[in-house]
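A.B. asks: Take this structure, written in structure tokens, and hold onto it; I'll ask about it next.
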Amino acid sequence: MSAIIEVKDLCHTYSAGTPFEHVAVDHISFSVEKGEFLGLIGHTGSGKSTLIQHLNGLLQPTGGDILLGGESIWKDKQTTRAARFRAGLVFQYPEYQLFEETVFKDIAFGPKNMGLSEAEIRERVLRAIGFVGLDEAVLEKSPFDLSGGQKRRVAIAGVIAMEPEIIIFDEPTAGLDPAGCASLLENIRAYQKATQATVLMVSHSMDDVAVLADRLLVLNHGRVEMLGTPNEVFQNATRLTEIGLAVPQITALFLRLQELGIPVDPATYTVSDAMRQLLLLKGGKADA
């Protein structure tokens, strides 16, 4: 596999040269493979939102570079503009950005700006609402007549309709009830599997990213604290707690079991793996 995004020694300082100077991103380097699902986690103020706004050129770095497909997104104005279509960003609470008269027009806004034909725009809108679990009947409604969860899905569909190679979610389940969270995460997982798109997802929920992501990038005070598979990251559960992050509930349980002298893997984070280990401890079969 080849890297679709390369972040090279990225730095971003707000209000440089003033008494309010703040280093939000501090010499960060990492790459993301094509088709990968990368989870971004970190405490409030760790630099997550600042980082992702660099990935499609919304923020220009103080230092370093972003390569998309091996080419700097800051090469020229055309390259920067293209990057914003190639890497779609879904902000936290994206429903606050809805503005068109109908759901169809809102979802079609991005594809229309890409200069696509009316027929192609309609096809993309229909595909997008399918991915986010909306019925075609909502297309002629005002987005402001929809429920909060439906508005969230319309906003996400608007980014999906541009069919970006990379889609970046900033806390996509923020403010949703547990059922809404589970449903939306399943939609995101299905979209990624169906399109093989590269997905980056900022989340405060370790339980969510643990089961969705191929790898986790942990930020701490603007720097990379850890980067690895969920299992590799959760091996360092004590350190995660020290920097203000909660490990998945299953991991917390298995850490406690280990403290009590029970021989379990403290990096366990899925129900299936937890059941397998408990069955083995009980003397049963792991595949039972």
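The values are calculated or read from the model by the stated rules, or taken from the named source; none is laboratory data. Predicted model, so just to flag it, every value in this text is computed and none were measured. So basically every Cβ, Gly included, is an ideal-geometry build from the backbone, and we count neighbours across all protein chains shown.
A.B. asks: Which of the following residues is over 24 Å from L212 (Cβ atoms), among the hydrophobic types (A, V, I, L, M, F, W, C) and at pLDDT 95 or above: A24, A83?
C.D. replies: Numbers: A83 fails: at pLDDT 95 or above.
Result: A24 is the single residue among A24, A83 that is over 24 Å from L212 (Cβ atoms), among the hydrophobic types (A, V, I, L, M, F, W, C) and at pLDDT 95 or above.
A.B. asks: Related question: Find all pairs meeting these conditions: Cβ atoms under 7 angstrom apart; at least six residues apart or on different chains; first residue within region 38-52 and in a strand (DSSP E or B); second residue polar (S, T, N, Q).
C.D. replies: Sorted first by the residue in region 38-52, then by its partner, the pairs are G39/S203; I41/S203; G42/N220.
Residues are listed down the side, and each one gets a yes or a no for (1) surrounded by fewer than 17 Cβ atoms within 10 Å (Cβ to Cβ); (2) within 23 Å of Q92 (Cα to Cα):
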{"position": "A194", "(1), (2)": "yes, no"}
{"position": "H204", "(1), (2)": "yes, yes"}
{"position": "V209", "(1), (2)": "no, yes"}
{"position": "D214", "(1), (2)": "yes, yes"}
{"position": "F234", "(1), (2)": "no, no"}
{"position": "T251", "(1), (2)": "no, no"}
{"position": "R256", "(1), (2)": "yes, no"}
{"position": "L260", "(1), (2)": "yes, no"}
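A.B. asks: Give me the pairs: first residue in region 246-268 and more than 17 Å from V233 (Cβ to Cβ), second residue among the polar types (S, T, N, Q), beta-carbon distance under 8 Å, and six or more apart or on different chains, which are they?
C.D. replies: Short answer, once both residue conditions are applied: V264/Q258; V264/Q277.
A.B. asks: Consider only pairs whose beta carbons are under 9 Å apart and that are at least six residues apart or on different chains; among these, list those whose first residue lies in region 130-145 and is in contact (Cβ under 8 Å) with a residue 60 or more places away in the chain and whose second residue is exposed (fewer than 14 other Cβ atoms within 10 Å of the Cβ) and among the aromatic types (F, W, Y).
C.D. replies: none
A.B. asks: Now, a different point. Looking at (1) more than 25 Å from S49 (Cα to Cα); (2) in contact with a Pro (Cβ under 7 Å, 6 or more places away or on another chain), which is the one condition that is false for V138?
C.D. replies: (2)
A.B. asks: Which numbered condition trips up E33, out of (1) within 24 Å of A194 (Cβ to Cβ); (2) modelled with pLDDT under 95; (3) acidic (D, E); (4) surrounded by fewer than 17 Cβ atoms within 10 Å (Cβ to Cβ)?
C.D. replies: The single condition E33 does not satisfy is (2).
A.B. asks: If a residue must be assigned to a loop (DSSP other than H, G, I, E, B), touching a strand residue (DSSP E or B) at 6+ places or on another chain (Cβ under 6 Å) and not polar (S, T, N, Q), how many such residues does region 53-68 contain?
C.D. replies: Quick first cut of region 53-68, residues assigned to a loop (DSSP other than H, G, I, E, B) only: 55-62.
Retained after the next criterion (residues that are touching a strand residue (DSSP E or B) at 6+ places or on another chain (Cβ under 6 Å)): 55-56, 61-62.
Within this subset, residues satisfying the condition of being not polar (S, T, N, Q) are 55, 61.
Result for region 53-68: 2.
A.B. asks: Could you please let me know if T268 is hydroxyl-bearing (S, T, Y), part of a loop (DSSP other than H, G, I, E, B) and over 25 Å from T50 (Cα atoms)? Before you say what the answer is, go through the steps one by one.
C.D. replies: On the way: hydroxyl-bearing (S, T, Y): yes; part of a loop (DSSP other than H, G, I, E, B): yes; over 25 Å from T50 (Cα atoms): yes.
Considered against the rule, which asks whether it is hydroxyl-bearing (S, T, Y), part of a loop (DSSP other than H, G, I, E, B) and over 25 Å from T50 (Cα atoms), T268 comes out as yes.
A.B. asks: Within region 81-92, count every residue that is surrounded by 16 or more Cβ atoms within 10 Å (Cβ to Cβ) and either of a type outside the set (A, V, I, L, M) or not in a helix (DSSP H, G or I) (or both). Spell out the reasoning first.
C.D. replies: At the first step, the residues of region 81-92 found to be surrounded by 16 or more Cβ atoms within 10 Å (Cβ to Cβ) are 82-91.
From what is left, the residues that are either of a type outside the set (A, V, I, L, M) or not in a helix (DSSP H, G or I) (or both) are 84-91.
The qualifying residues number 8.
A.B. asks: Would you mind telling me which numbered condition in (1) at pLDDT 85 or above; (2) hydrophobic (A, V, I, L, M, F, W, C); (3) part of a helix (DSSP H, G or I); (4) surrounded by 14 or more Cβ atoms within 10 Å (Cβ to Cβ) L281 fails?
C.D. replies: The failed condition is (4).
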